[in-house]
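Notes to accompany the following structure.
The values are calculated or read from the model by the stated rules, or taken from the named source; none is laboratory data. A quick note: this is a predicted structure, and the numbers were derived from the prediction, not measured. Note that each Cβ is placed from the backbone with ideal geometry, even for glycine, and that neighbours are counted across all protein chains shown.
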Amino acid sequence: MRPNPIAAAIYLCLLFATQVGCNSASRIEPVSGILDAFQSHQIVALGEGLHGNTQSHAFRLTLVRDPRFVALVNDIVVEFGSARHQAVMDRFTGGGDVPAVELRKAWQDTTQHGLWDSPIYEEFFRAVRDVNASLPPERELRVLLGDPPIDWDAVRSPHDLGRWNGLRDTHAADLIDREVLSKNRRALVIYGDGHFRRHTRWAGMSDTRPTLLNLIERKGVKAFAVWTNTTVELDRIQRNIASWPIPSLAIVRGTRLGTINFKYFAGMETDPPTNMEDQFDAVLYLGPPSSITMSEMSAALCADAEFTKMRVARLGLGPGGPDGEDVARFKKECADALRQQPK
């Protein structure tokens, strides 16, 4: 029988009750906790959890709208935007007039075709624009689009797409070095949690490419990394978490959460094995996994024939080709969205 990592950690805590690592994690008001991290870090790396979940989106909106945030932070680096459209995004978040058909290319033209079609990502950019409207130009937040500037007109095959995908973390790290670190600015970096792991080798796999966080910290800067939990029942590790306000933040080092084998969070064993505190500095609690909800495609977007033609063609470059699961899932999501719209 394979050992249960939670049971093992709790047993050790009971056996060696005075040792570091047995303390229960304490909740912190999450906006204040992240702002406190900016007092000593240029970079705070905030994972998204499941892409498209509405809970992490709501928290991001609360964070950027807090007056303390704009007093501390200069830039927001996002996974859900193509660097090819940086000038468009700068104009938009600065209050300029940008046609919707031009603006939406910023999140529709990334290497990760289809992930950012739900309306929450556009809403985030509009929230930053609204925040900036009340600020002097020198304090406006800048949104840096972290995905490499893929030229979809030149992508003809999965191989073409793969070359761009291989640049995702290195491009973002170079962008952060050039636009944030070298200018002594502070940035909130919003990516999938996997981009922020500090130890990257999975057991049984040879791929040891550095993550985005590895590349940032190789610049000599220690980032503060937050795992956004949308899949793990944290109250199985620490029972009182079920009573925490939602959302909550917890520092993991020296706590029961920190001692848990990271495999429990990520679903795979690292080589060598690592604990949560080896990988991340904090966990953002958004409620039990059963409460997490996903943003849905908009009917208006699915009714746009030009958009659906573009998305099906790009998804068709993925696994399975035009008849693959990605295309089938997209068509089903749009069919559901159109069926549910008011008559």
Only one of E217, E233, E179 is touching a residue at least 24 places away in the same chain (Cβ under 8 Å), more than 30 Å from M310 (Cβ to Cβ) and among the acidic types (D, E), namely E233
Checklist entry - Would it be correct to say that G287 is under 22 Å from the mean Cα position of the chain (by Cα), assigned by TED's automatic domain parsing to the domain that holds L115, outside any helix (DSSP H, G or I) and of a type in the set (G, A, S)? => result yes
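For T228, are the conditions met, namely being of a type in the set (S, T, Y) and not in a helix (DSSP H, G or I)? Talk me through it step by step, then tell me what you get.
Values: of a type in the set (S, T, Y): yes; not in a helix (DSSP H, G or I): yes.
So T228 passes the test.
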Output for Cβ contacts, cut-off 7 Å, separation at least six or different chains, first residue at pLDDT below 95 in the range 324-343, second among the acidic types (D, E), reads A337/E296
Only one of (1) in a loop (DSSP other than H, G, I, E, B); (2) within 21 Å of the chain's Cα centre (by Cα); (3) loosely packed, with under 13 Cβ neighbours inside 10 Å does not apply to M297, and that is (3)
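What tally of residues in the range 252-266 results from selecting those that are part of a loop (DSSP other than H, G, I, E, B) and either over 21 Å from the mean Cα position of the chain (by Cα) or closer than 15 Å to R201 by Cβ (or both)? Talk me through it step by step, then tell me what you get.
Initial filter on the range 252-266 (part of a loop (DSSP other than H, G, I, E, B)): 252-254, 260, 262.
When the remaining residues are screened for being either over 21 Å from the mean Cα position of the chain (by Cα) or closer than 15 Å to R201 by Cβ (or both), the result is 253-254, 260, 262.
Matching residues across the range 252-266 total 4.
Would you confirm whether any residue within the range 262-272 is over 23 Å from L50 (Cβ atoms) and either modelled with pLDDT of 95 or more or surrounded by fewer than 21 Cβ atoms within 10 Å (Cβ to Cβ) (or both)?
Yes, some residue in the range 262-272 is over 23 Å from L50 (Cβ atoms) and either modelled with pLDDT of 95 or more or surrounded by fewer than 21 Cβ atoms within 10 Å (Cβ to Cβ) (or both).
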By residue number, the members of the range 231-251 that are over 19 Å from the mean Cα position of the chain (by Cα), among the aliphatic types (A, V, I, L, M) and in a loop (DSSP other than H, G, I, E, B) are I237
(message) Tell me whether the range 97-112 contains one or more residues that are at pLDDT below 95, crowded, with 20+ Cβ neighbours inside 10 Å and either in a helix (DSSP H, G or I) or not basic (K, R) (or both).
(response) no
Expected single match for modelled with pLDDT of 95 or more, surrounded by 15 or more Cβ atoms within 10 Å (Cβ to Cβ) and over 16 Å from the mean Cα position of the chain (by Cα) among V88, V78 is V88
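Return yes or no: is L135 in contact (Cβ under 8 Å) with a residue 24 or more places away in the chain and under 24 Å from A37 (Cβ atoms)? Steps first, please.
Details: in contact (Cβ under 8 Å) with a residue 24 or more places away in the chain: yes; under 24 Å from A37 (Cβ atoms): yes.
It is true that L135 is in contact (Cβ under 8 Å) with a residue 24 or more places away in the chain and under 24 Å from A37 (Cβ atoms).
Within the range 164-201, track down each residue that is in a helix (DSSP H, G or I), surrounded by 18 or more Cβ atoms within 10 Å (Cβ to Cβ) and β-branched (V, I, T). I'd like the intermediate steps shown before the answer.
Step one: of the range 164-201, the residues in a helix (DSSP H, G or I) are 164-165, 168-179, 181-183, 193-196.
This time we only want the ones that are surrounded by 18 or more Cβ atoms within 10 Å (Cβ to Cβ), so: 164, 168-169, 171-173, 175-176, 181, 193, 195-196.
Correct list: I176 only.
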